[in-house]
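Chemist: I'd like to ask you about the structure that follows.
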Amino acid sequence: ALRVAAPGGVESYAALRTLAQGRGQVALIASEREMLAEWRANARALAALLAATILILAGCALAFALDAQRSRENARVYAARRANLDLALRHGRCGLWSWNLAGDRMVWAASMFELIGAPRASSAMSLEDIARMMHPQDVSLEVIAEAARAAPLGPMAFQCRLRRADGEWIWLDLRADIVEDARRKRRLVGIAIDVTERMREAEISATADQRLRDAIEAISEAFVLWDSGNRLVLCNSKYQHLHQLP
């Protein structure tokens, strides 16, 4: 094939082939445009495909970058909210917990470990370990689980004592909601509030009240106490016998 200038100055290619047995020759002349038309069409299609692929990859990269930025922003907001929640729980002496009644472990937040003064080894605590920390005279985990399975969905509350890492007993007011998942599996999601000081104050008040009643009862004479509304508040047995009161 030879490159020739066809009439009119059109760049063309020419090829000459001699036929066998002297039957003549065959000549072909075609313009460069005709010869390269299919190649140029394929090249344009390939270029368009490559450009589309680049645009798709660029779009994916942009979407990934935006999603990563949103994820970082959401993580920052979540971390800030979690820090505020942990701070509020720490100042309120509260802890978060969750218990899947079908399992043998309970999920504790970091605030629960702060309540008992122990380092956070794992978020999932075995029921056996928790049972060892509970006071033997208080309600057991088995009783709580049975009550949660039998009760309707909604809130429930109970109190128990838990042994801290330093050996001290603390009173916890446990309040939870009974919820069900799509498979009708029940679990408890709740909060534990340290009410040790309140229980101690109530115990001291009850003890003082009992001592006051014992002292009044020990008086050799009849004793009675009325309030400003002329209502009987307190009296001893001698006053009851004197006025034949039940």
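The values are calculated or read from the model by the stated rules, or taken from the named source; none is laboratory data. Because the structure is a prediction, the values reported are computed rather than measured. Cβ placement follows ideal geometry from the backbone for every residue including glycine, while neighbour counts extend to all protein chains displayed. Ligands, DNA and RNA are stripped out before the accessible areas are found, and what is left, the full protein with its side chains, is counted by its heavy atoms. Shrake-Rupley method; radii C 1.70, N 1.55, O 1.52, S 1.80 Å.
Chemist: Test GLU146 against the stated conditions and say whether it is over 23 Å from VAL195 (Cα atoms), in a helix (DSSP H, G or I) and not basic (Lys, Arg).
Modeler: Numbers: over 23 Å from VAL195 (Cα atoms): yes; in a helix (DSSP H, G or I): yes; not basic (Lys, Arg): yes.
Spelling it out, GLU146 is indeed over 23 Å from VAL195 (Cα atoms), in a helix (DSSP H, G or I) and not basic (Lys, Arg).
Chemist: Something else: What residue, among those in segment 112-152 that are open to solvent by less than 40 Å² (accessible area, probe 1.4 Å) and within 20 Å of the chain's Cα centre (by Cα), is nearest to ARG164 (Cα to Cα)?
Modeler: Within segment 112-152, the match that is nearest to ARG164 (Cα to Cα) is LEU115.
Chemist: Could you check segment 102-129 and list, in sequence order, the residues that are of a type in the set (Gly, Ala, Ser) and farther than 13 Å from GLU142 by Cα? Explain how you work it out, then say what you get.
Modeler: Going residue by residue through segment 102-129, those that are of a type in the set (Gly, Ala, Ser) are 102-103, 109-111, 117-118, 121-124, 126.
Passing the criteria: ALA109, ALA110, SER111, GLY117, ALA118, ALA121, SER122, SER123, ALA124, SER126.
Chemist: Right, here's the next one. What is the residue count in segment 230-246 for residues that are part of a loop (DSSP other than H, G, I, E, B) and open to solvent by 70 Å² or more (accessible area, probe 1.4 Å)?
Modeler: Step one: filter segment 230-246 for residues part of a loop (DSSP other than H, G, I, E, B), giving 230-231, 236, 243-246.
Now drop any that are not open to solvent by 70 Å² or more (accessible area, probe 1.4 Å), which leaves 230-231, 243-246.
Qualifying residue count for the region: 6.
Chemist: Evaluate the following for GLU221: is it assigned to a helix (DSSP H, G or I) and of a type in the set (Asp, Glu)?
Modeler: Working: assigned to a helix (DSSP H, G or I): no; of a type in the set (Asp, Glu): yes.
The answer is no for GLU221.
Chemist: Can ARG90 be described as modelled with pLDDT under 85 and either open to solvent by 30 Å² or more (accessible area, probe 1.4 Å) or more than 14 Å from the chain's Cα centre (by Cα) (or both)?
Modeler: Spelling it out, ARG90 is indeed modelled with pLDDT under 85 and either open to solvent by 30 Å² or more (accessible area, probe 1.4 Å) or more than 14 Å from the chain's Cα centre (by Cα) (or both).
Chemist: State which residue pairs qualify: first residue small (Gly, Ala, Ser) and inside segment 103-124, second residue in a strand (DSSP E or B) and open to solvent by 80 Å² or more (accessible area, probe 1.4 Å) in any location, beta carbons under 6 Å apart, and separation of 6 or more residues or different chains.
Modeler: ALA124/ARG105
Chemist: Restricted to segment 175-229, and to residues that are open to solvent by 60 Å² or more (accessible area, probe 1.4 Å) and in contact (Cβ under 8 Å) with a residue 40 or more places away in the chain, which residue is nearest to ALA157 (Cα to Cα)?
Modeler: VAL189
Chemist: Just wondering, is there one or more residues in segment 35-53 that are open to solvent by 60 Å² or more (accessible area, probe 1.4 Å), in a helix (DSSP H, G or I) and in contact with an Asp or Glu (Cβ under 9 Å, 6 or more places away or on another chain)?
Modeler: No, there is no match, as no residue in segment 35-53 is open to solvent by 60 Å² or more (accessible area, probe 1.4 Å), in a helix (DSSP H, G or I) and in contact with an Asp or Glu (Cβ under 9 Å, 6 or more places away or on another chain).
Chemist: Counting only residues that are in contact (Cβ under 8 Å) with a residue 40 or more places away in the chain and either of a type in the set (Val, Ile, Thr) or open to solvent by 50 Å² or more (accessible area, probe 1.4 Å) (or both), how many does segment 162-174 have?
Modeler: Looking only at that region, the number is 5.
Chemist: Also, quick follow-up: Name the residue that is nearest to SER111 (Cα to Cα), counting only residues in segment 38-83 that are of a type in the set (S, T, N, Q) and more than 19 Å from the chain's Cα centre (by Cα).
Modeler: At the first step, the residues of segment 38-83 found to be of a type in the set (S, T, N, Q) are 42, 53, 69, 71, 74.
So of that shortlist, the ones also more than 19 Å from the chain's Cα centre (by Cα) come out as 42, 53, 69.
Details: ASN42: 67, THR53: 51, GLN69: 30 Å.
Here the answer is GLN69.
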